[in-house]
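Heads up: the structure comes next, in structure tokens.
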Amino acid sequence: MLTTLNAPEAGLKSISSIGLSDCALRHSNGRELETRVERCACVPAFFWREGKFAGLQLPPLAINWLQCIAIHDSERRLIEQIGADAFDDLLQRHEVDVFDIDRVALPALGAA
């Protein structure tokens, strides 16, 4: 893990995996995916570049950055029902602060 202070802005702490992309990701049938991932986080949390990162091409691999948010277990079940894109749309429609660890789960907002 790499930790930097005052990056990407003053007062922020960035954390990133280094070398996670050395590990292959696989489909459920065992076939290797054509992409690898590295993880990144920031304290306090925010979306870098509005959650959009350019991938890194190191032939034969494509490496993509994975920025995660915490979700409630009920939201995981909701994602299984409606899909990740529809869940993301609900987060945006309800203007959910995904960085608020005490936030109310989406079903409680009447989104289910």
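The values are calculated or read from the model by the stated rules, or taken from the named source; none is laboratory data. Model, not experiment: these values are computed from the prediction. So basically every Cβ, Gly included, is an ideal-geometry build from the backbone, and we count neighbours across all protein chains shown.
I'd like the full set of residues that are among the acidic types (Asp, Glu) and within 19 Å of Gln67 (Cβ to Cβ), limited to segment 1-30. First the steps, then the outcome.
The first filter runs over segment 1-30 and keeps only residues among the acidic types (Asp, Glu), leaving 9, 22.
Scanning segment 1-30 gives a single hit, Glu9.
Could you grab me the full set of residues in segment 10-46 that are charged (D, E, K, R) and touching a Pro at 6+ places or on another chain (Cβ under 9 Å)? Lay out the reasoning, then the answer.
Within segment 10-46, the first condition is being charged (D, E, K, R), and the residues that meet it are 13, 22, 26, 31-32, 34, 36, 38-39.
Across segment 10-46, the qualifying residues are Lys13, Glu34.
Scan the strands (runs of 3 or more DSSP E) fully inside segment 1-91 and keep the ones with 2 or more residues being β-branched (Val, Ile, Thr), under 27 Å from Asp102 (Cβ atoms) and modelled with pLDDT under 90. Can you show your working first?
Values: elements: 2-5, 13-16, 35-43, 56-58, 61-67.
Fully inside segment 1-91 and qualifying: nothing.
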